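Before any comments, here is the structure.
Readers should treat all values here as calculations from the given coordinates under stated rules, not as data from a laboratory. If you're wondering where the values come from, they're calculated on a predicted model, not measured in any experiment. Please note: Cβ atoms are built from the backbone with ideal geometry, for glycine as well, and neighbour counts cover all protein chains shown.
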Amino acid sequence: MSFKSKLLGTALLGGMMAASLVAANPASAQTAEFKTKQAGDIVIRARGIAMVPDEDTYDDTIGSGEGQLNNDFVPEVDFSYFVTDNIALELIAATTQHDLDWVNPNLDAGSVRLLPPTLTLQYHFMPESRWSPYVGAGINYTFFYDSKPGQFNSVKYDDGFGYAFQAGFDYAISGPWSLNLDVKKVFLDTDISINNGANTSKAHLDPWVFGLGVGYRF
């Protein structure tokens with residue numbers, strides 16, 4: 001299944017979830033009381049995310065080709081703390097797995113797992129409203145682990161820092177519950193060492209992270 005099809009399916013699932021909530025009680029859907037965003041709140045969210053690398057390899061000693069990482073779809077948990085009614089800190093935790101293929105020449109470079117904890121500082125517009133959009137920016141540190149070399153003897157990725165931007169919104173359902181849609185752009189570089197350093201490449205991975213889920217505010 002293509003990425004577009006999976007992303008469309010995720011969006012449709014989220015739409016059906018929201019529609020079912022409204023359909024279950026249409027008269028009170030817009031009038032049900034909900035908890036507004038306030039200083040001191042802690043929000044825990046569970047999201048389904050699509051990790052979509054926007055890779056670009058350069059300065060490589062493999063040949064004239066380029067490396068390509070596939071997309072991955074996984075669950076994710078994040079935690080937010082509201083410093084003020086408008087300003088929050090968010091930390092996300094998820095791990096993804098990606099296959100690396102080298103194109104022209106066509107080579108199987110195995111797979112690798114990424115653990116990219118990301119901390120962002122957010123500004124939430126209209127914290128007292130049912131619809132509350134936000135923007136954010138922050139830092140990221142990505143761990144590469146469980147690397148499989150494919151047809152090579154070894155493939156190693158260097159861990160490293162990056163930075164991230166995000167935008168999204170919360171829709172308050174009722175009480176402390178909310179729906180969430182979130183998009184992040186993470187800027188991340190890594191050095192790839194193949195065959196114990198005989199071949200090397202630098203890569204901009206720069207993934208997009210699309211998330212859809214639910215949140216609970218304490």
Would you mind giving the three semi-axes, in whole Å and largest first, of the ellipsoid equivalent to region 41-113 according to its Cα gyration tensor?
37, 14, 8
Restricted to pairs 8 or more residues apart or on different chains, the lysines in region 87-218 with C-alpha atoms under 20 Å apart form a number of pairs equal to 4
When only C-alpha pairs under 8 Å and at least 6 residues apart count, what is the relative contact order of region 39-217, in percent?
24 percent
Along each principal axis of its Cα atoms, how long is region 72-159 end to end? Whole angstroms, biggest number first, please.
56, 20, 20
Over all distinct Cα pairs, what is the inverse of the mean 1/r for region 119-211, reported as the Kirkwood hydrodynamic radius in Å?
15.7 Å
Spin-label pair VAL83/ASN153, simplified geometry with 7 Å Cα→Cβ offset, distance in nm
5.0 nm
Given 0.36 nm per residue, what is the gain on full extension from PHE165 to SER129 after removing their alpha carbon distance, in nm?
10.6 nm
Compute log10 of I(q)/I(0) for region 39-217 with the Debye formula, placing one identical point scatterer on every Cα and leaving out solvent, at q = 0.17 Å⁻¹, to two decimals.
-0.96
